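K.L.:
Quick one: structure below, then a few questions.
The values are calculated or read from the model by the stated rules, or taken from the named source; none is laboratory data. A quick note: this is a predicted structure, and the numbers were derived from the prediction, not measured. Methodologically, a virtual Cβ is constructed for each residue, glycine included, from the backbone with ideal geometry; neighbour enumeration extends over all protein chains shown. In case anyone asks, the SASA skips ligands and DNA or RNA and just uses the protein heavy atoms, side chains included. Shrake-Rupley method; radii C 1.70, N 1.55, O 1.52, S 1.80 Å.
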Amino acid sequence: MKTAVFSTKAYDRQFLQPAAAAAGHELTFIESRLTPATAVLARGYPAICSFVNDALSAEVASQLAEGGTRFALLRCAGFNQVDLEACGKLGIRVARVPAYSPYAVAEHTVGMMLALNRKYHKAYNRVREGNFAIDSLLGFDMHGKTVGVIGTGKIGAIAAGILHGFGCNLLLADVVPSDECKRIGRYVSLDELYRQSDIITLHCPLTPQTSHLINRQAIEQMKPGVMLINTSRGGLVDTEAVIAGLKSGRLGYLGLDVYEEEAELFFEDLSNRVIQDDVFMRLLTFPNVLITSHQAFFTDTALAQIAKVTMENLTAFERGAATNEVRRS
Ligand code: NAD
């Protein structure tokens, strides 16, 4: 089926093209993000394929439907960026890739913890400049520390397993506790998790209930010097609140792979531009903040799986069936 693929980079083409050829689909790669201004590019395409920062809003959905699009393939797991009600009313069916490599995201999460703790990013630069002093690189043993994991689904459970291997004590929070995780950690209330954890890592989806889950009140309950890691969705964290927490010292470390206003920044080379987001730029001034630009998923295993499942989802729609369809609950 003819499909307009938005937000494409060379690495998307590399993995999607062979998967499409194998499944008999014809892809047109578009570099722009899917927005009300670019939706017109999908005119005449029965399917579109979009990524995390392509907002499938009611306005975009309406333009797509007008142009004849009936299927939207998300090449990601999260669907908070999609107006499912509007898509449903307009007859656009939406499918996603529920899991591609939860290991990729969990491993990046733990990598961020280690980098912040042992300051690898600073050590790398120091040694390259011939500075072999280790003062101010002092870290802590992960062994014996208490880590709070919020959301113990696919990614949270793997992150918890890795941290269990390090000898960390695990406090867990989820609306649906997992029997597997109960073997290695203890489910507690969010309040207890905030009060007792040395490290807190977020692995729940962005929903109206979890939007700004980490706000001023949550941060006030945390241990002084706590490490906070977010590799899930930017909107889980109130950025102004974490800046206040970093300034007061309540937050000792912050690792972000996602940011609530990332759509204007991430995945692009803006190194020659003046970045206008003052809140983001303030974050970059802290020595104890590490930001990666939504790369936790970015492994060859994950990209191959995303391409394969996206094409399978398209084939299923073409045949009048559905796999991994998302509907408004
Ligand atoms: P999942 O659905 O397997 O697990 C999410 C867990 O969160 C579930 O167990 C669910 O019960 C729990 N949850 C829901 N609401 C909650 C709440 N209010 N409080 C506590 N727990 C709650 O999802 P996953 O595949 O493990 O993905 C987790 C997150 O990672 C998602 O936000 C996803 O969008 C994000 N993600 C990020 C990247 C990246 O590259 N940074 C890649 C993939 C996924």
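Yes/no per residue for (1) β-branched (Val, Ile, Thr); (2) touching a Pro at 6+ places or on another chain (Cβ under 8 Å); (3) open to solvent by 10 Å² or more (accessible area, probe 1.4 Å):
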{"residue": "4", "(1), (2), (3)": "no, no, no"}
{"residue": "8", "(1), (2), (3)": "yes, no, no"}
{"residue": "28", "(1), (2), (3)": "yes, no, yes"}
{"residue": "36", "(1), (2), (3)": "no, no, yes"}
{"residue": "65", "(1), (2), (3)": "no, no, yes"}
{"residue": "75", "(1), (2), (3)": "no, no, no"}
{"residue": "99", "(1), (2), (3)": "no, no, yes"}
{"residue": "110", "(1), (2), (3)": "yes, no, no"}
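K.L.:
Quick one: in the range 229-262, which of the residues that are open to solvent by 30 Å² or more (accessible area, probe 1.4 Å) and touching a residue at least 40 places away in the same chain (Cβ under 8 Å) is nearest to the ligand (Cβ to nearest atom)?
P.N.:
233
K.L.:
Can you pull out the residues in the range 183-204 that are part of a helix (DSSP H, G or I) and touching a strand residue (DSSP E or B) at 6+ places or on another chain (Cβ under 8 Å)?
P.N.:
Correct list: 190, 192, 193, 194, 196.
K.L.:
Another one. Check every one of the helices (runs of 4 or more DSSP H) wholly within the range 79-179 and list those with 3 or more residues that are closer than 23 Å to residue 295 by Cβ and under 23 Å from the mean Cα position of the chain (by Cα).
P.N.:
So the answer is 102-118, 154-166.
K.L.:
How about the range 143-169: which of its residues are buried (at least 21 other Cβ atoms within 10 Å of the Cβ) and either more than 21 Å from residue 113 (Cα to Cα) or in contact with a strand residue (DSSP E or B) (Cβ under 8 Å, 6 or more places away or on another chain) (or both)?
P.N.:
The answer is 147, 148, 149, 150, 151, 152, 156, 159, 160, 163, 168.
K.L.:
Report yes if residue 118 is open to solvent by 20 Å² or more (accessible area, probe 1.4 Å), of a type in the set (Lys, Arg), farther than 30 Å from residue 187 by Cβ and more than 15 Å from the ligand (Cβ to nearest atom), otherwise no. I'd like the intermediate steps shown before the answer.
P.N.:
Numbers: open to solvent by 20 Å² or more (accessible area, probe 1.4 Å): yes; of a type in the set (Lys, Arg): yes; farther than 30 Å from residue 187 by Cβ: no; more than 15 Å from the ligand (Cβ to nearest atom): yes.
It is false that residue 118 is open to solvent by 20 Å² or more (accessible area, probe 1.4 Å), of a type in the set (Lys, Arg), farther than 30 Å from residue 187 by Cβ and more than 15 Å from the ligand (Cβ to nearest atom).
K.L.:
Could you please find all residues in the range 293-324 being in contact (Cβ under 8 Å) with a residue 40 or more places away in the chain, out of contact with any helix residue (DSSP H, G or I) (no Cβ under 8 Å at 6 or more places or on another chain) and farther than 16 Å from residue 17 by Cα?
P.N.:
316, 317, 318
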